[in-house]
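All remarks here apply to the structure that follows.
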There are 2 protein chains.
Amino acid sequence: MILTVTLNPALDLTYAVDELRPHTTHRVRTVHERAGGKGLNVASVLHAQGEPVLATGLLGGATGERVRRLLTAAGLPHAFAPIAAETRRTVTIADGVDATGLWEPGPDVTTAEWQQFQLLYRRLLTDATVVALSGSLPQGLPVDAYAVLIAAAREHGARTVLDTSGEPLRLGVAGRPDVVKPNRGELADLAMEASALRGLGAGCVVVSRGADGLFAVHERESWRAVPPEPETGNPTGAGDACVAALARGLRDDTPWPALLADAVALSAAAVAAPVAGAVDEDRYRALRGRIAVTPADLSEEHHPC
Amino acid sequence: MILTVTLNPALDLTYAVDELRPHTTHRVRTVHERAGGKGLNVASVLHAQGEPVLATGLLGGATGERVRRLLTAAGLPHAFAPIAAETRRTVTIADGVDATGLWEPGPDVTTAEWQQFQLLYRRLLTDATVVALSGSLPQGLPVDAYAVLIAAAREHGARTVLDTSGEPLRLGVAGRPDVVKPNRGELADLAMEASALRGLGAGCVVVSRGADGLFAVHERESWRAVPPEPETGNPTGAGDACVAALARGLRDDTPWPALLADAVALSAAAVAAPVAGAVDEDRYRALRGRIAVTPADLSEEHHPC
């Protein structure tokens, strides 16, 4: 199976209100709860695609318990390690105009909890062919946590996809993941180009460029994969659908051009679906044959738009 | 002991942010969690005053479990009946300027759960001398739920204080509580005066009037109780501190003038404390001897300010 790792999941709450007016009180019309976190979105997309998947990571407290129950209710296989601190929440306030986000800080993880997670993770690796590691790290974890987990996956013969940002990305790449998937902003934050990130240890660097599709560098080859038209909808979770496709392609040894086409189609179909972690199946089928994948010049990455 | 009933408790979350800007995303600096609901504030004030108290009501789901753990951590004795639906949350966003509130709708309670609660409640009544019933009713409960609970308390020889609003107040009074404590706005919503509410079945009507103290009608007597100066601070929870004092006074058969003086002092001391459910002990001691209680003319209630 594909193992997804979410070290900093969240309980995502969406509140529908008529109009958000600061410094007043609002009755929330409806509350929507979902299990959140990039790795859980990856797992959710793979599960909906019928791919065997298992979600792992860290969950704590009553909020963590709620996330666990939501995963069980969704039928998503999961095995999370417990922590004492409360899993974070995110609150999105949706009024008639747009969304307002509130992101709680993550929990503090102890060294003992991190050790316990690694024991669980190594047990789960025995059945994993690919590991997708996504999102931020909660406080208390070493900043090179992803490098440690990627090295352990390689020892077990599993391939890896890393999707994170900042220092966890820069230090994670030293663990030599098979694929890293930064977006343009995350690359810019590191003041790096895709080929430089490959030089740090990544087998393949796949840069997501929103409506412009993907730009990928693998050994001496590079490609761009572009959708036929811009997709309108909710871009949250599009990167996670891309990671889901990359993980599946790695598992199946899909040749890179076909794999990138699938990743662009699945990402666009995620934009077409109303919530993160879901894809519009009809849109996915309609797009699959229509993604243009062409060899790219490495000089293109200087002007990737 | 004094039994407090909170049928629609909440997990109160306070998020500190730099500035709430609609339609942007905010990193929450700190999260403060507390067990919320008017009846829990009453219990918390009584517990801090060293009075034997037990909190009951309905709690459900992971959010209810979190409330239960917070009560246990605070050392507050509690015995809540379980419901299947999730206990509600409230989110208060505190920026540098003021607070913005988001109130989730309450859970749906089934008939069987309401019956189970009543069995628990009747068991708890065997040790209760006074019952304080506070706050809104969750969906699924009969609107006359408080009348039913008040009648049961009387059968067990316990006195009752009711603090709610709207139809639950109007129908609750038919259960003949010893005291009801509306505030001015709640009375106005019913288009009623204190003596009219007494006519519906309340033994004593105590109207809280913010900085103007209390106005009370009991049989043929009426009083006003006024603090020496307006209190600055956080008025949330002041009414609950008033109910706590009323419950204690009923238990001790404190004469009405002294009881009202205590209620005004404890309310003002709650305003002086930063969070609902707490009182400033120094301020309470300083105020206790300084509350003016004078007989009032019933005609005064027409112009209660």
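The values are calculated or read from the model by the stated rules, or taken from the named source; none is laboratory data. Everything numeric in this text was worked out from a predicted model, so none of it was measured. All Cβ positions, glycine included, derive from the backbone under ideal geometry; neighbour counts span all protein chains shown.
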Taking only the range A:107-127 into account, find how many residues are in contact (Cβ under 8 Å) with a residue 12 or more places away in the chain and outside any loop (DSSP other than H, G, I, E, B). 12
In the range B:145-198, which residues are among the acidic types (Asp, Glu) and closer than 21 Å to B:Ala128 by Cβ? B:Glu155, B:Asp163, B:Asp178
Any idea how many residues of the range B:18-50 are over 9 Å from B:Gly277 (Cβ atoms) and among the polar types (S, T, N, Q)? 4
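Out of all the residues in the range A:236-287, which are acidic (Asp, Glu) and in contact with a helix residue (DSSP H, G or I) (Cβ under 8 Å, 6 or more places away or on another chain)?
Kept after step one, since they are acidic (Asp, Glu), are these residues of the range A:236-287: A:240, A:252-253, A:262, A:280-282.
Within the range A:236-287, A:Asp240, A:Asp262, A:Asp280, A:Glu281 meet the criteria.
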Among A:Ala99, A:Ala128, the single one that is of a type outside the set (D, E, K, R) and within 30 Å of A:His26 (Cβ to Cβ) is A:Ala99
In the range B:104-135, which residues are buried (at least 18 other Cβ atoms within 10 Å of the Cβ) and within 14 Å of another protein chain (Cβ to nearest Cβ)? B:Glu104, B:Gly106, B:Pro107
Being at the interface with another protein chain (Cβ under 9 Å from one of its Cβ atoms) and not basic (Lys, Arg) is the filter here; which residues of the range A:73-89 pass it? A:Glu86
Among the residues of the range A:46-57, is any within 14 Å of chain B (Cβ to nearest Cβ) and either touching a helix residue (DSSP H, G or I) at 6+ places or on another chain (Cβ under 6 Å) or among the polar types (S, T, N, Q) (or both)? no
Within the bounds of the range A:62-72, is there any residue that is within 14 Å of chain B (Cβ to nearest Cβ), touching a strand residue (DSSP E or B) at 6+ places or on another chain (Cβ under 8 Å) and assigned to a loop (DSSP other than H, G, I, E, B)? no
Among residues of the range A:158-194 being among the hydrophobic types (A, V, I, L, M, F, W, C) and assigned to a helix (DSSP H, G or I), the residue nearest to A:Pro9 (Cα to Cα) is A:Leu169
Can you tell me which residue within the range A:89-98, out of those that are part of a strand (DSSP E or B) and more than 21 Å from the chain's Cα centre (by Cα), is farthest from A:Ala62 (Cα to Cα)? A:Ala94
Filter the range B:2-37 down to the residues that are within 11 Å of chain A (Cβ to nearest Cβ), touching a Leu at 6+ places or on another chain (Cβ under 9 Å) and in a loop (DSSP other than H, G, I, E, B) and list them by number. B:Val17, B:Leu20, B:Pro22, B:His23, B:Val28
Residue pairs meeting the criteria (Cβ under 6 Å; at least 6 apart or on separate chains; first surrounded by 15 or more Cβ atoms within 10 Å (Cβ to Cβ), in the range A:185-208; second among the aromatic types (Phe, Trp, Tyr) and modelled with pLDDT of 90 or more): A:Val207/A:Phe215
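Looking at the structure I just gave you, is A:Leu250 buried (at least 24 other Cβ atoms within 10 Å of the Cβ), of a type outside the set (Gly, Ala, Ser) and touching a residue at least 40 places away in the same chain (Cβ under 8 Å)?
Values: buried (at least 24 other Cβ atoms within 10 Å of the Cβ): no; of a type outside the set (Gly, Ala, Ser): yes; touching a residue at least 40 places away in the same chain (Cβ under 8 Å): yes.
In short, no.
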Counted residues in the range A:141-157 being buried (at least 17 other Cβ atoms within 10 Å of the Cβ), out of contact with any Leu (no Cβ under 6 Å at 6 or more places or on another chain) and outside any helix (DSSP H, G or I) come to 1
